[in-house]
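Novice: I am attaching a structure below and will ask some questions about it afterwards.
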Amino acid sequence: MAVKSDTFPKLLLENARRFGDRPAIREKEFGIWQTWNWRQVADEVRALACGFAARGFKRGDRVAIVGDNRPRLYWTMAAAQSIGGVPVPTYQDAVAEEIQYVLEHAEVKFVVAEDQEQVDKILDVQERCPSLREIFFDDTRGMRKYDQSRLIDFEVLQREGREFDQKNPDYFVQQVEQGKGEDVAILLYTSGTTGRPKGVVLTHDNVLITARNGIEFDHLTQDEEVLAYLPMAWVGDHIFSYAQSYVSGFCVSCPENASTVMHDLREIGPTYFFAPPPIFESLLTNVMIRMEDAARISQIIFTYFMRVARSVGPKILAKEAVSIKDKWLYKLGHLLVYGPLKNTLGMSRIQLAYTAGEAIGPDIFDFYRSLGINIKQLYGQTEASVNVTLQPDGEVYPDTVGKPAPQVEIKIADDGEVLYRSPGVFQCYFKNEAETREIKTEEGWVHTGDAGFIDDRGHLKIIDRAKDVGKLNDGSIFAPKYVENKLKFFPHIKEVVAFGDGRDYCAVMVNIDMEAVANWAERNNISYASYQELAARPEVYQLIEDGVSKVNEELAADPNLAASQIRRFLVLHKELDADDGELTRTRKVRRRFIADKYRTLVDALYSDKKSCFIETEVAFEDGRTGSISADLQIRDLNVYTDLKKAS
Amino acid sequence: MEGDRKFGDPILEVQDINLSFGGVTALEGVSFDILNGEVRAIIGPNGAGKSSMLNVINGFYHPQQGQITYKGKTRRQMRPHHAASSGIARTFQNIALFKGMSTLDNIMTGRNTKMRKNLLWQALYLGPAKREELEHRDFVEHVIDFLEIQAIRKTPVGKLPYGMQKRVELGRALAAEPELLLLDEPMAGMNLEEKEDMCRFVLDVNDQFGTTIALIEHDMGVVMDISDRVVVLDYGKKIADGTPEEVRADQRVIEAYLGVTRDDN
Amino acid sequence: MNPELLFFLETVIGGLMAGVMYALVALGFVLIFKASGIFNFAQGVMCLFAALALYDFMAPGGWVDRWFGFTFPVWAAIALTIVVMIILAWVIERFVLQYLVQQEPIILFMATIGLAYVLEGVGDILFGSDVKPLDIGLPQGASDWLLDNFNLYVEKLEVVAAVTAAVLVTVLAVFFQRTRIGRALRAVADDHQAALSVGISLRTIWVIVWSVSGIVALVAGIMWGSKSGVQFSLSLIALKALPVLILGGFTSVPGAIVGGLIIGVGEKIAEVYLGPLVGGAIENWFAYMLALAFLLFRPQGLFGERIIERV
Amino acid sequence: MFYREAGQFKTDYASDQALFPIAQDRWFVLAVLFVAVAVVPFFVDDYWANAITLPFLIYALAAIGLNLLTGYCGQVSLGTGGFMAVGAFSTFKLTTAFPELNFIVVILLSGAITAGVGVLFGIPSLRIKGFYLAVATLAAQFFLVWLFNKVDWFLNYSPTGQISMPPREIFGILITGPRAAPEAKYLFCLIFIGIFALLAKNLVRGRVGRSWMAIRDMDIAAELIGIRPLEAKLTAFAVSSFYVGMAGSLYFGVWLGAAEPIEAFGIEQSFLVLFMIIVGGLGSILGSFLGAAFITLMPILMKNFMVDGLQLAVVTAKHIEITMLGVLIIFFLIVEPHGFARLWQIAKEKLRLWPFPH
């Protein structure tokens, strides 16, 4: 390669020239994987870009993208970038108000929406988006009834674009040529655990250099298969499904719809796969639940070979030496168990899998690695165009997030906060000078907001959000997330909220995992009628208590964290829900919000009450609200003081 | 949805239909028309002759008297194959899917009248026959997409829940690209959510493809919501015909539904 | 009388007599089909089996004779055979039918073919496959009275068979119309639930039906066995009865009787007048052709009602 | 267990509708074909050809034929023996009348003639259904066998009442007659039947097959959506009879070499083939093979066991064999009424999902 293309549109044209016949993107539709090669994609993008131009789109204008992962929506990104515009992807499951904020804040001119559902949301809020001019829709289903003056069929737009292109044949290429690496490439809104979303401004250089570094780091090729199923508004999808595809030329596949993702995953059999820990976790839970119904003989075979895998699998994956016997046992296990298992999970061909976003349970992590799936952790942020640290092959540990990625510098502040500097570092928060200055220093260092330290292997270890790390009244350090994550590694626990900052001791509220606990209840003949009833069963409480005790045992072993042992806990009567504001859209716990909402419960946890009455407002899926009430028990636990016994 | 819907000329007119089975009269002097592009409901108490009327329209029953004008051609009676190949498709009151076949194959049978390649070509599965098969598969996939039944594409229909079977049956009818679609109680036995889905599909079919729809339905709410005009039968006779509002206000209709108790209900 | 007319008359009477025999076998089919929807292909073999059992109970050299050194008198042998047929019905229900209740008709049909193989094989193993003359004291030879007075040659045995069949049909009619079980049996033909409401379990009903048709098979077996000996070919009369079924309907008792007579007469006439012209031995297929030709004009059969098909 | 389907995605309908869309299935089929074509011929002697492989293959062809009619179109036929006789006698008359005619052409013509006869006897199916039709097809069985037995022209006035097949070559290799090599006969039948099994499979997965199945599953609905019952039923009878006729042709021409109508084409043949498709699986081409294998092999195994193993008299063994055949049929119907094909399908599903149960 002589000159590296420095923008996405230039890359696209280069790909179309160099390997135009190779598949670029696929979508499962009408029962088969409809495929477009790079030349076709370049052609579609060109028509689209010219269509935008024909409708008065100027350099610097912004296009919002609302919908599931669809080839046309990815093309919209490239089309906007081709003519100097900025794509603004939004979360497809966001409610109208959330979308309205982004459209208004980003001063979006055009919206490309997937279907009627998304169009309806935008029409609801269009009066409050003064800059919004036109809405384009991909799926025409049910759209005929709408007033078509501001609503335009995607195909019409492309048709207009082709006409425009014929009249102005040089326009497109000229516009692409005008683009430079330092131009803004994309505006990504981070959901943020507090306050309004912030628009992260990334340039072509930011994204492309990071993407290239990642590709070189992991030796990705143009033969990778990737399934694009995570929200397009999320930076991870932008890097893995868009940027790296453009850079290395591999093909990305879009699933048929949200309900068929697992099936589509199995069909495609990706070689390069990204999933946040909850997905790996629910897959594993699913495996275990399905195995419980299996015939005895299959269970015996499964259990035996999984034991073999746990002992030798990770070693074989790390290319360490194992005994001949183990090697053959593992091979046999692969034929009988691991192979079929990976096959049903759609992971047969995975060469590289990443997980990030939060801590992954060591059991879960080991499970996949023992099957021979090269799953690694990374640590990243939207503000860094994702990669901050990556685990190099051969240095994969469940409790760290790896070493600094290529060209990334890391330093730890005195208060334990992690800072980094890299070519991927964002320009600014859109229209938010103050916040930008708060996060990004003059020298280009970015505050991650996470507390952590570099261990003796040179790996970064994250313990919590920096601002969440607090102190117990006795002065010892308290990292709530660390405690929560340890508890969440138990399959029966779905969510945990830990309290302790400024208190005498640590106390937690637990959400049971309905699927896992229901299954457990069935096997133990425990009857229940509802989530609430199941959560309140004494047997369930005991189950949770056992888990909490184990965590206390582990915490006691670490002198820094021994004081964070859990003294009291309760099991919540309802599932924490993003619709009720208790979780973020990325399913992170909003601790302060919860502390406020469930003030009575928190107070009870720090009293000697044995139970506490609570009434809660809930929002149902159809938009109605109601309330549920419950009398929740609170349990006390013993803490381990004897360190030797505990260890 | 905008208020005023405009319709074309009648696509179908039945005139003075008399139908009886061995002395038992099912239909007596029934006349009405169905306009191009409208949703036409046929309602009436049990045993009023609604299903018989559909059976007359698509040629399964042959009336003793009367005539049927379909797309400008007047006949004494229809023949099932002729009706099917000239653009009349239907669903059935009691699901009449082909139990031993998958969803896909069931819907493919709806394309039967449009497939031409002979036995020999098909046995060889080469060239034209293969191409024809794949073209029709493509069309059927669009129907599957339209009805949102992708996930059950290859499931044998016998294993599907009731509501899904109804949807597949609609798919089979749609696959024939009908000009006139006859739906015999498309929402019978469904729960609220399934009914809403089905209503949406019926309206979308009418809207998207401009298909004329004649449907029999018991749920008055549904009928009033989605139909443009309603014809009411009772004891084999037409007792009212008009817009949902007119029909609802008709004294004879109210009597037929409320006034007389019947043992056959 | 004109000899040709006389010959014709004899032919017709012979046909009627044969028809009665067909009707007897067809009756067994109809009973089972009516009550359970099963096309019992083993009906013919059941006739053979019944006849073999009967023979064994009363004939010198049979199992009974060899093991116990005596034979039963005719009436006792018939009673015992009836018991055997009832046991057989129970065994069939217990080991075959109860597992197949929900299956398609063709599966049940195949099961009865399997049953036919089993009965044939067991019959052969137990009783051997040689021809056995069955004599339970029915009159043999031509009726002298008819021969003397009308110059007609009619086998006495056939007359007896006709009379027996008439009696049997009457008894069955009374059984179906007048007894509680009989009514239940009729009900089950229409609606299984209805039968249950009478208070008899479906399984019991099936055993009863199979027993009754086993007894009918025994009667048919006695008649045919007395005429031409007990041998394997006896089971083939089932094939003779099948055209009767298409003609008369699978569910109609009067259909079976009238159909049997029509087939019997038609076949005899064809055999006598048409057979020589085409090389003979047409009795194997003529009945089928007759029934088929009939069906083309009246698809619902003799006594069937016109079916209104609904969707 | 051996399936690795992840990554086997389809980007066009042609590959999605392929006969064996899963790669592992394709390999398995290729392996079986390889063994059948390249390995088995080395082990085929006269006994293996005449007692095992030829009966299996030829009955499989007949079973496919009957399965098309009964399993796919739902029209029960008990006339298979009679239709096989038509195929056999057509072959006899054609080979003797036109000695130059290629044997393959003879087989195809025999099939065609049988198809014509089949359509004739299928006409009642337009008016009668179910067991009425089944009984009506017995008319074909009895009438046809009677016809061939009685009309001397069909027998070429043979005084013994037998017909025998003159030797015929294909590509210079002797296929029929007593001097034909067993492996040549075997390979010829294998290839012939392999091709026609494939054609049958193509038919049933296309429009024609769907029309048949529609008629089978719900004839009224089928008619109302535009499938002509007349066309569907008569094509089913025609194609079915074509296959059965070719089976009859091979049965007489390649396997038996000589036949006598009543003995060779009796109603037992009809039942035997019907058993095959029931035990193998109605509505399954694979099932036709499995059923044919079971019904042809089982008596041989049983006979070997009883006569050679238990030293029973041949007659007693025959009786026990008949009884056991009946018992086994009943047993299979109770255990798996949908036949071997269903068992195969279940096993395959299990393997695909292993180690999960569902």
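The values are calculated or read from the model by the stated rules, or taken from the named source; none is laboratory data. All figures in this text were calculated on a predicted structure; none of them were measured in a lab. Here Cβ is always computed from backbone atoms with ideal geometry, including for glycine, and neighbour counts include all displayed protein chains. What goes into the accessible areas is simple: the full protein's heavy atoms, side chains included, and nothing from ligands, DNA or RNA. Shrake-Rupley method; radii C 1.70, N 1.55, O 1.52, S 1.80 Å.
Novice: What is the distance in Å between the Cα centres of the range B:207-262 and the range D:94-152?
Specialist: Going from one Cα centre to the other spans 56 Å.
Novice: Counting only other residues whose beta carbon sits under 11 Å from that of A:G333, what net charge do I get with K and R as +1, D and E as -1?
Specialist: So the surrounding residues net to +3.
Novice: Ok, one more. State, to one decimal in nm, how far the label point of C:V272 lies from the label point of A:H263, with both points 7 Å from Cα in the Cβ direction.
Specialist: 7.1
Novice: Amide H to amide H, which residues 5 or more places from A:C254 or on other chains are under 5 Å from it, using H placed in the peptide plane?
Specialist: Long-range HN contacts for A:C254: A:R26, A:E27, A:K28, A:A228.
Novice: How large is ³J(HN,Hα) for each residue in the range D:243-258, as worked out from phi by the Karplus curve 6.51 cos²θ - 1.76 cosθ + 1.60 (θ = phi - 60°), to whole Hz, x for Gly and Pro?
Specialist: 5, 4, x, 5, 4, x, 4, 5, 4, 7, x, 9, 7, 6, x, 8
Novice: Amide H of B:A240: which non-local residues (sequence gap of 5 or more, or other chain) have their own amide H closer than 5 Å, using H built in the peptide plane?
Specialist: For B:A240, the qualifying residues are B:V232.
Novice: Now for a separate question. So for the range B:98-176, averaging the separation of alpha carbon pairs under 8 Å that are six or more residues apart and normalising by length, what relative contact order in percent results?
Specialist: In percent, rounded to a whole number, it is 55.
Novice: With just the Cα atoms defining each centre, how far is the range B:117-183 from the range A:68-90? Give it in Å.
Specialist: The two parts, judged by their Cα centres, are 35 Å apart.
Novice: If A:D21, A:D61 are ordered by their accessible area, calculated over protein heavy atoms with a 1.4 Å probe, which sequence runs from highest to lowest?
Specialist: Largest to smallest exposure gives the sequence A:D21, A:D61.
Novice: Can I ask one more? I need to check one value: relative contact order of chain A, counting alpha carbon pairs closer than 8 Å and at least 6 residues apart, in percent.
Specialist: It comes to 9 percent, rounded to a whole number.
Novice: Just to confirm a number: summing +1 for Lys and Arg and -1 for Asp and Glu over residues other than A:F365 whose beta-carbon lies under 12 angstrom from that of A:F365, what do you get?
Specialist: -1
Novice: Which FRET efficiency value, to the nearest 0.05, is calculated for D:A18 and A:D474 with the Förster distance at 56 angstrom and r the Cβ-Cβ distance?
Specialist: My answer for the efficiency is 0.20.
Novice: While we're looking at this one, here's another question. Quick one: among B:R167, B:R200, B:R40, which has the greatest mean-square fluctuation in a GNM of chain B with alpha-carbon springs under 10 angstrom?
Specialist: B:R200
Novice: Okay, next question. For chain B, rounded, prolate or oblate, judged on the Cα gyration tensor with a ≥ b ≥ c (square roots of eigenvalues), a/c < 1.5 rounded, else prolate if a/b > b/c?
Specialist: Prolate shape, in that a/c is at least 1.5 and a/b is the bigger ratio.
Novice: If you don't mind, there's one more thing I want to ask. All other residues with a Cβ under 15 Å from the Cβ of D:A259 taken together, and with Lys, Arg as +1 and Asp, Glu as -1, what is their net charge?
Specialist: Charge balance near D:A259 sits at -2.
Novice: Which far-off residues, 5 or more places away or on another chain, put their amide H under 5 Å from the one on B:Q65, with H placed in the peptide plane?
Specialist: B:N18
Novice: Moving on to the next point. Relative to the longest principal axis of the C-alpha atoms of chain B, give the angle of the C-alpha long axis of helix B:192-209, reported between 0 and 90° and rounded to the nearest 10°.
Specialist: The angle comes out at about 80 degrees.
Novice: Could you put A:I594, A:I289, A:I297 in order of accessible surface area, largest first, with the 1.4 Å probe and the full protein assembly present?
Specialist: From most accessible down to least: A:I297, A:I289, A:I594.
Novice: Also, quick follow-up: Please report the relative contact order for chain D, taking Cα pairs under 8 Å with a sequence separation of at least 6, and give it as a percent rounded to a whole number.
Specialist: Answer for chain D is 29 percent.
Novice: If you don't mind, another one. Can you give the accessible area of D:V76 in Å² (nearest 10), computed on protein heavy atoms with a 1.4 Å probe?
Specialist: Here the residue's solvent-accessible area equals roughly 10 Å².
Novice: Shifting gears a bit: Considering only protein heavy atoms, with the full assembly of protein chains and a 1.4 angstrom probe, order A:K315, A:K574, A:K145 by accessible area, largest first.
Specialist: Heavy-atom accessible area, descending, gives A:K315, A:K145, A:K574.
Novice: Mind listing the phi-derived Karplus ³J(HN,Hα) values for the range A:525-541, rounded to whole Hz, using 6.51, -1.76 and 1.60 with θ = phi - 60°, and x for any glycine or proline?
Specialist: Working through the residues one at a time gives 6, 9, 9, 6, 10, 8, 4, 4, 5, 5, 5, 8, 4, x, 4, 5, 4 Hz.
Novice: In whole Hz, with x marking every Gly and Pro, tabulate ³J(HN,Hα) for the range A:593-604 from phi via Karplus 6.51 cos²θ - 1.76 cosθ + 1.60, θ = phi - 60°.
Specialist: Values per residue, Gly and Pro as x: 4, 5, 4, 6, 5, 9, 3, 4, 5, 4, 4, 5 Hz.
Novice: Tell me, how many Å apart are the Cα centres for the range D:203-271 and for the range A:302-350?
Specialist: 51
Novice: Cα gyration tensor of chain D, axes a ≥ b ≥ c as square roots of the eigenvalues: rounded (a/c below 1.5), prolate (a/b > b/c) or oblate?
Specialist: rounded
Novice: In chain A, what percentage of the DSSP-assigned beta bridges are antiparallel, given to the nearest 5?
Specialist: Of all bridge pairs located within chain A, approximately 60 percent are antiparallel.
Novice: Continuing with the same structure: Which FRET efficiency value, to the nearest 0.05, do you get for B:F21 and A:I297 by plugging their Cβ-Cβ distance into 1/(1 + (r/R0)^6) with R0 = 45 Å?
Specialist: 0.15
Novice: Rounded to the nearest 5, what % of DSSP beta bridges with both residues in the protein assembly as shown are antiparallel?
Specialist: Expressed as a percentage, antiparallel bridges in the protein assembly as shown total about 60.
Novice: Pick from D:V86, D:V307, D:V254: which residue has the top mean-square fluctuation in a GNM of chain D where Cα pairs under 10 Å get a spring?
Specialist: Checking each option, the largest mean-square fluctuation is seen for D:V307.
Novice: Using a 1.4 Å probe, how large is the accessible area of A:W328, given in Å² and rounded to the nearest 10?
Specialist: Spelled out: A:W328, probe radius 1.4 Å, area about 150 Å².
Novice: So what's the angle, to the nearest 10 degrees on a 0 to 90 scale, between helix A:277-292 and the longest Cα principal axis of chain A?
Specialist: 60
Novice: Classify the protein assembly as shown as rounded, prolate or oblate from the Cα gyration tensor: take a ≥ b ≥ c as the square roots of its eigenvalues, call it rounded if a/c is under 1.5, otherwise prolate when a/b beats b/c and oblate if not.
Specialist: Prolate shape, in that a/c is at least 1.5 and a/b is the bigger ratio.
Novice: A further question follows. Return one number: the angle in degrees, 0 to 90 and rounded to the nearest 10, between the long axis of the Cα atoms of helix A:324-333 and the longest principal axis of the Cα atoms of chain A.
Specialist: Taking Cα atoms only, the helix is inclined about 70 degrees.
Novice: While we're looking at this one, here's another question. Checking a compactness column here: for the range A:256-367, what do you get for Rg(Cα) / (2.2 N^0.38 Å), N being the number of residues?
Specialist: That works out to 1.11 for the range A:256-367.
Novice: Now for a different question. What is the calculated FRET efficiency for A:E104 to A:S149, with r their C-beta to C-beta distance and R₀ = 30 Å, to the nearest 0.05?
Specialist: It comes out at approximately 0.90.
Novice: Kindly count the pairs of lysines across the range B:105-173 whose alpha carbons are less than 21 Å apart, treating pairs on different chains or eight or more residues apart as eligible.
Specialist: Lysine pairs meeting the criterion: 4.
Novice: Please report the accessible area of A:R307 (heavy atoms, 1.4 Å probe, ligands and nucleic acids excluded) in Å², nearest 10.
Specialist: Here the accessible area works out near 150 Å².
Novice: In a GNM of chain B with a 10 Å cut-off on Cα contacts, which of B:L170, B:L215, B:L124 has the highest mean-square fluctuation?
Specialist: Among B:L170, B:L215, B:L124, the largest GNM mean-square fluctuation belongs to B:L124.
Novice: Label point 7 Å out from A:S627 along Cα-to-Cβ: which residues of the range A:580-611 have amide N under 19 Å?
Specialist: What the label zone holds, given the 19 Å backbone N cut-off, is A:580-582, A:594-604.
Novice: Another question about this same structure. Take every residue in peptide D:124-135, count the Cβ atoms of other chains within 10 Å of its Cβ, and give the average of those counts.
Specialist: The mean count of partner-chain Cβ atoms within 10 Å per residue comes to 6.
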